[in-house]
Amino acid sequence: MSKFLQRHQKAVLSTLLVIVIAYGFYFWDSVRTTSILNFSLSYALPLILAAMVGIIGERSGVVNIGIEGQMLLSAFVAFFAAVATGSLIIGAFLGMASGLLAGAFLGIAAVKWEMDQIIAGVVINIVAAGITSFYYTPGQSLPAIVPRIEIPYLSQIPLIGQVFFNKSIFVYATLILVVVLQVMLFTSKWGLRTRAVGEYPSAADTAGINVYRTRILNVAIAGVLAGTAGAYLSLDAAGWFERGFTAGRGFLALAIMIFGAWNPFGAMAAALFFGFASGMASQLQADEVINIPQQLINMLPYVMTLIILSLAAGKVRPPGAVGQPYKKEG
Amino acid sequence: MQTESDDAKKLHPSLEYLIKKQSFIVPIIAVFVALIIGSVLIYFQGANPIGAYKTILQASLGNERGLIRTLEKTTPLILAGLAVAVALRVGLFNIGAQGQLIMGAFFATWAGFTFTNLPALIHIFVGLLAGIIAGGLWAAIAGILKAYRGVHEVISTIMLNSIAIAILDYLVNYPYKEPDQPLPRTVPILESAQLPKIGFVPVGFILALLVATFISWLINRTTTGFRFNTVGANKFAAAYAGIKIKYVVVSSMLLSGGLAGLGGAIETLGITYRFEPAFNKGLGFDGITIALLARANPIATIPAAFLVGILRSGAPTLQFDYGLEPEIVDLLLALTLLFVAAPILGKLIFRKRAEKSENVSSGWGS
Amino acid sequence: MRRMRILAGISLLVLLLAACSSSTDSDSASSAEDTTATEVEATTEEATELDDSNCASAEVFCIGLVTDIGKVDDKSFNQSAWEGAVAAAESTGGFAKYVETVDTKDYANNIAQFTDKNYDAIVTVGFLMAEATVVAAKEYPDTHFIGVDQFIGEEIPNLTGLIFPEDQAGYAAGYLAGLMTKTNKLGQVLGLEIPPVQKFALGFEAGAKAANSAVTVTTVYHPPADNGFADPVWGGQEARKQLDQGADVIFAAGGGTGNGGLIEIAKDPGAGESVFCIGVDADQWGTVPEAQPCLITSAMKLITDGTSTLLGQVNDGSIAGGNYVGLTGLAPYHDFDSVIPDDVKAAVDEIVVGLKDGSIQTGVTL
């Protein structure tokens, strides 16, 4: 524990600082603080999931620029499967399955065919946009809504209880996933293999790791997460499907992934920050405290991200072999 | 190895020629395969595929009006494609062509209505220059952040896209809003700033062709191009060879953004004659598709953009004649891109002689 | 073996080329295909069995519709206008067809699809198309144009602008909200900040304050982006935030973005008892049934009625140029008829009458 604290001193301190500030604001204006943090989390949720997709891919050496398309496709499949079968659960699973399919395509194209990874991703994006628009049928409604699950006792904690412990299954699953992924990536055998394959594939190969299989499997499994993000968007966040409604979240997630230095915790923090900045922008517009046109206020999240990054950057480095198809020597 | 060369000797010269030119042949076949698969989709939508394709060609090339529209659509696509391609050569992935393009479009318009009493030729030149500078500087921000602060260009260009949209939305809603009407748009540019047509060919299109040729020369035949390619191929080797990487990164982004900005400038000076926020949805993203179709080869952006231009130009008539949704065009494009990029076709036809395609995404991780 | 493959590949290419050229060459064959294709299309279109081959003749009344960027099934203004066109086609025994716009630069071309076939009336939807419509109306004096949401500044005999006092519908909705609120906090989840939306929003605020001086209205527009009217996720999140901050009646106006807001409010445990929502444009009780738990009314602009009325006038020749002010109003209360107190209903009815006869002014100017 003390070792952990030592190694992650900065992260732990800044997390504590954020919590203290949040409670400070909570005692000043509990309603606004809670609601803005709620907004931040729901804004961040698909970004977190999508950033995890990016992290798993790039940690194993595969750029995934098709997250946008994967999410859109799964949102579409999840919605219409739920409508057709009358079951949100079947919808969600089929959405995840379609994410898996898109992920497997990327994996096979990028690794087996040695196709350019960015092109493979762009193909997914265009195909998804085309299919979901072409085969969209209007006038469908979901059979039910995703229920909120209130966690007993925990949900009674001021602020945190309302923000984190009175949410849908998607939120809990995502939060657990981030923790699991963080631990797995840096302590498990799978994590070690994944990072080896992404950093130095030829060494990994020498060590007896199957580079191709590891990459394909990882990218495919990450597709399930993209599918979950898509299912969350259509089944829970919107309760509705609209053409092109992922609206660049997949690209934003790539930015979040880099912002978070290819770390699950880092990406979650970055996504929450981005969600918070967006929530603040909308609150500033709503409260009309400053007399600035909303167009300028709404630049805030983007400008702040750029400023923070340019002040803090320079230290993070992407995985060594990202973007390069692996070719066995000889 | 021995049998390989023996076999090659026995080949007919024309087949040899085809194998050498496979980087041209594969994309053409890819288009056909995409069209065949697309025809199945169209058939299941209850329309006649051959008639549908005929309609696209007829509407986009078969009459003067259609041809002009196709050329007008192709123009910014060539430039956006070049913008992405130039950055890819240096190993930079410019997702921000969209933002640079609209920045260029706005400032070209601004020059078009602000400067008065200029002779047409000079006014047009000033307008285009304003667009190039605006787009270039906007992209240079990403270049500088990358070179000096290590900010990944994918983040910065995505952020800059959104910032550009917001700034321009503000400008056309407040300081530069056309007075006495409710719409968020600028006043029209002066007549002296309007790009003319030579015969039926828009000047902007000719300009785009010239620029593509110039960029191709720059990339393949000059030391600047050599530096670009070297940095893109291997940063460490480039640094070892004494190339100033920071300078190359910033200048390539400046060039990339300038190209996108020029695309935007031609749009407003040649077609819309004013700036409206909604006018160029998604052009920058089409630029990515085109650059990838062209495999980052500047001169190849011309046919790639032309293909996209034809499809987009013909889509409305396709809907009119057959009730097919315009998105079918995107599916065709995605299939084409897939078959161009996936080595399946090349391997199927040329077997072991298939060329390994260059990898454009290797620069991502740097 | 290898050579066989190469040969096979080339012969495939040649075959494809031959197939392609033969289909474009043989006119008789392809014209036969065309007719079958048109029949298919006529059954897939939501129209009568008529086709547009004889629109030039006086007997057949042909209606063409060009959507603004967006789809004809958008549950918003494009769809409403199209329903009006279909209704007019049915009542006149005519024929209606649409083309969806993907790129604003295609407006003129999309209009030309219909003028080329001598359509009698062409409906263009959305204020962005105003300029293209004026140009087309001048070029084709024999076709009557109807511009939905377009204020016509200059009198052109064959062009009628269908405009709506959105502020009045917003005002009536705001008045109802001002009387229904218990917390004295109202919210607005809006699409992009463009004139029709601004008029709804400002009208809503003015009406709410007229009904209840203690009320505060939170107004939030979607950030500038391409998807301002198609972002239900953001709409839902913003609605949730406003609910959390105590707003108990929320006006959601902005296509898909607003619909996302309505659905989120409907999910609230207090929906229909302590929390209400108000829709926009059409009666959203029918278009977004998910919102029924909270939907007390919708601020309607009767685009469908206005479009079909004007088209009917075109058919019988009674139409005049200039602007036609369509109806706005509140949708029925449906299931909430028993929930809303009688005195509130009476007060709102009075406001609606007052707005109609001009005795009540919203005071909204843009």
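FYI, it's all coordinate maths here, none of it is from the lab. Keep in mind it's a predicted model, so treat the numbers as computed, not measured. We place every Cβ from the backbone using ideal geometry, glycine too, and count neighbours over all the protein chains shown.
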Inset, instruction - Pull up the cross-link candidates among the aspartates and glutamates for A:LYS328, meaning alpha carbon to alpha carbon under 14 Å and not fewer than 8 places away within one chain. - result: A:GLU114, A:ASP205
Inset, instruction - Please express the Cα-Cα pair-distance distribution P(r) of the range C:211-314 as a list of whole percents, one per 5 Å bin, running from 0 to the bin with the greatest distance. - result: 3, 13, 22, 21, 18, 11, 6, 4, 2, 1, 0
Legend entry - Global form of the range B:107-241, assessed from the alpha-carbon gyration tensor, a/c cut-off 1.5: oblate
Inset, instruction - Provide the three semi-axes, in whole Å and in decreasing order, of the ellipsoid equivalent to chain B as defined by the square roots of 5 times the Cα gyration tensor eigenvalues. - result: 35, 29, 18
Inset, instruction - Among DSSP beta bridges lying fully in the protein assembly as shown, give the percent that are antiparallel, nearest 5. - result: 15 percent
Inset, instruction - On a C-alpha basis, how far is the centre of the range A:42-109 from the centre of the range B:296-310 in Å? Whole number, if you could? - result: 31 Å
Inset, instruction - Just report the Cα centroid separation between the range B:79-101 and the range C:157-208, whole Å. - result: 42 Å
Inset, instruction - At 0.36 nm per residue, minus the direct Cα-Cα distance, what do B:LYS20 and B:ALA237 gain on full extension? Give it in nm, one decimal, please. - result: 75.2 nm
Legend entry - Stokes-Einstein translational diffusion, chain A - Kirkwood Rh over all Cα pairs, 1.567 mPa s, 4 °C, in µm²/s: 63 µm²/s
Legend entry - Overall form of the range C:74-122 per C-alpha gyration tensor (a/c, 1.5; a/b vs b/c): oblate
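Rounded to the nearest 0.05, what FRET efficiency is calculated for A:VAL183 and C:LEU366 with R0 set to 45 Å and r the Cβ-Cβ distance?
Working: r = 56 Å, r/R0 = 1.24.
The computed FRET efficiency comes out at 0.20.
Taking R0 as 51 Å, what FRET efficiency do you get between A:TRP28 and B:ARG149 from their Cβ-Cβ distance, rounded to the nearest 0.05?
According to the calculation, E is roughly 0.90.
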Legend entry - Whole-Hz ³J(HN,Hα) from phi, Karplus 6.51 cos²θ - 1.76 cosθ + 1.60, for the range C:250-259, glycine and proline x: 10, 9, 10, 10, x, x, x, 4, x, 4
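Looking at the range B:242-321 from every direction and averaging, what is the projected area of its Cα convex hull in nm²?
So the Cα hull casts an average projection of 7.3 nm².
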Inset, instruction - First check a/c for the range A:232-312, with a ≥ b ≥ c the square roots of the eigenvalues of its C-alpha gyration tensor; if it is under 1.5, answer rounded, and if not, answer prolate when a/b is larger than b/c or oblate otherwise. - result: oblate
Inset, instruction - Taking H placed 1.01 Å from N in the peptide plane, check which residues at least 5 places from B:VAL187 or on another chain put their amide H under 5 Å from its amide H. - result: B:GLU178
Legend entry - Structure-based [θ]222 nm, the protein assembly as shown - -39500 (n - 2.57) summed over DSSP H runs of at least 4, per residue, nearest 500: -20500 deg cm²/dmol
Inset, instruction - Could you work out, for the protein assembly as shown, what percent of all Cα-Cα pairs fall into each 10 Å distance bin, beginning at 0 Å and stopping at the bin that holds the largest distance? - result: 2, 10, 19, 24, 22, 14, 6, 2, 0, 0
Legend entry - Within a Gaussian network of chain B (alpha carbon springs, distance under 10 Å), most fluctuating of B:PHE226, B:PHE214, B:PHE320: B:PHE320
Legend entry - Descending semi-axes in whole angstrom, ellipsoid equivalent of the range A:141-216, from the Cα gyration tensor: 39, 17, 7
Inset, instruction - May I ask for the angle, rounded to the nearest 10°, between helix C:77-92 and the longest principal axis of chain C, with both axes built from Cα atoms and the value confined to 0 to 90°? - result: 70 degrees
Legend entry - In nm, spacing of pseudo-spin labels at A:TRP190 and A:VAL289 (7 Å Cα→C-beta vector): 4.4 nm
Inset, instruction - List the lysines whose Cα lies under 27 Å from the Cα of C:LYS182, skipping any in the same chain that are fewer than 8 positions away. - result: A:LYS167, C:LYS199, C:LYS209, C:LYS241, C:LYS267, C:LYS345
Inset, instruction - Starting from the Kirkwood radius over alpha-carbon pairs of chain C, derive D by Stokes-Einstein at 20 °C in a medium of 1.002 mPa s and give it in µm² s⁻¹. - result: 96 µm²/s
Legend entry - At R0 = 35 Å, FRET efficiency that the Cβ-Cβ distance of A:LYS327 and B:TYR247 yields, to 0.05: 0.60
Legend entry - Amide H contacts under 5 Å for C:VAL249, placed H, 5+ residues apart: C:GLY187, C:PHE276
Inset, instruction - Return the whole-Å distance between the Cα centroid of the range C:233-272 and the Cα centroid of the range A:239-260. - result: 21 Å
Inset, instruction - Report, by chain and number, residues whose modeled amide H sits under 5 Å from the one on A:GLY61, excluding near sequence neighbours (fewer than 5 apart, same chain). - result: none
Legend entry - Relative pair counts by distance (%), Cα atoms of the range A:4-140, 10 Å bins: 11, 27, 26, 21, 13, 1
Inset, instruction - Beta carbons within 10 angstrom, averaged per residue: use that to sort the peptides C:150-163, C:334-347, highest first. - result: C:150-163, C:334-347
Inset, instruction - For chain B, build the charge dipole from Cβ charges (+1 Lys, Arg; -1 Asp, Glu) around the Cα centre, then report which of B:THR55, B:GLY287, B:GLY66 sits farthest towards its positive end. - result: B:GLY287
Inset, instruction - Output ³J(HN,Hα) for the range B:168-179: one whole-Hz value per residue in order, computed from phi by the Karplus curve 6.51 cos²θ - 1.76 cosθ + 1.60 with θ = phi - 60°, and x for Gly and Pro. - result: 5, 4, 5, 4, 7, 8, 10, x, 10, 6, 5, x
Inset, instruction - Using Cα positions and a limit of under 28 Å, work out the lysines in reach of B:LYS73, with same-chain residues fewer than 8 apart set aside. - result: B:LYS54, B:LYS177, B:LYS197, B:LYS281, C:LYS71, C:LYS97, C:LYS105, C:LYS117, C:LYS138
